[in-house]
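The values are calculated or read from the model by the stated rules, or taken from the named source; none is laboratory data. What you are looking at is a predicted structure, and each value in this text was computed from that prediction instead of being measured. No Cβ is skipped: glycine too gets one built from the backbone with ideal geometry, and neighbour counts run over all protein chains shown. For accessibility, only protein heavy atoms count, side chains too; no ligands or nucleic acids. Shrake-Rupley method; radii C 1.70, N 1.55, O 1.52, S 1.80 Å.
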Amino acid sequence: MRKAIVLLSGGLDSTTTLFFALSKGYKVNCLIFDYGQRHKKEIKKAVSVCKKVNTPFKIVKLDLPWLKSSLVDKKKKLPSAGSRLSIPSTYVAGRNTIFLSYGLSWAESLKAEAVFIGANSLDYSGYPDCRPEYFKAFRKMAGLAAKSVVEGRKIKILTPLISRSKARIVRLGKRLGVPFEMTWSCYKGEKSICTRCDSCRIRAKGFQEAKIKDPLDGCKNL
């Protein structure tokens, strides 16, 4: 059976990506990162999803003391504007490069043929490491960096959601049986969703346009 690594945050996109990989027949191992994010609740959600589908997982704890993102610094205000001209304060420097490097390393050690990441370049927060050209460059680098690739065993970097709107992602998740109630998107990571942060707003837009009710709407004790 083909093996794959899925980078799983516990959010809507990465969980849908997990179910997509499983639907394609991959034997999946999930990689979950604890990098000091203020919404640590997503880590618990990711673990719960892995247990639900009986998928092995590893939690990697990263100590990045130089990070200044509002996603890791609770003293900073989270952005809530629906539109912007600059990259938001929730951007975490080098995050996808770090995550993908770990994924590539584990894939090589497990002799897996693919690393899946739930990145999206349409309904997203504008992070530079979510753009198609970034992943094109990373694929080229991975082809030069991995011993297994040099020896003829290619490791694919797969981004199945990269060009889908959030509504299309929600519809795909519905078809795949994604347990939306077990996912978490809110950056605040409190008992209930804030409905105001960037991630909440983008998620709400997706469910509304897909005409599917988000099970987290109105929930106050998740």
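For this structure, a couple of remarks:
- Of note, Ile169 satisfies the criterion of being in contact (Cβ under 8 Å) with a residue 12 or more places away in the chain and in contact with a Gly (Cβ under 7 Å, 6 or more places away or on another chain).
Yes/no per residue for (1) part of a loop (DSSP other than H, G, I, E, B); (2) modelled with pLDDT of 65 or more; (3) open to solvent by 80 Å² or more (accessible area, probe 1.4 Å):
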site: Thr16; (1), (2), (3): no, yes, no
site: Arg38; (1), (2), (3): yes, yes, no
site: Lys51; (1), (2), (3): no, yes, yes
site: Ile59; (1), (2), (3): no, yes, yes
site: Leu71; (1), (2), (3): yes, no, no
site: Ser80; (1), (2), (3): yes, no, no
site: Thr90; (1), (2), (3): yes, yes, no
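- Residues of segment 142-171 satisfying the condition of being part of a loop (DSSP other than H, G, I, E, B), among the β-branched types (Val, Ile, Thr) and under 19 Å from Lys3 (Cα atoms): Ile155, Thr159
- Within segment 120-162, being at pLDDT 90 or above and open to solvent by 80 Å² or more (accessible area, probe 1.4 Å) holds for Glu133, Lys136, Arg139, Lys140.
- Unmet criterion (only one of (1) within 24 Å of Val60 (Cβ to Cβ); (2) open to solvent by less than 30 Å² (accessible area, probe 1.4 Å); (3) in a loop (DSSP other than H, G, I, E, B)) for Lys188: (2)
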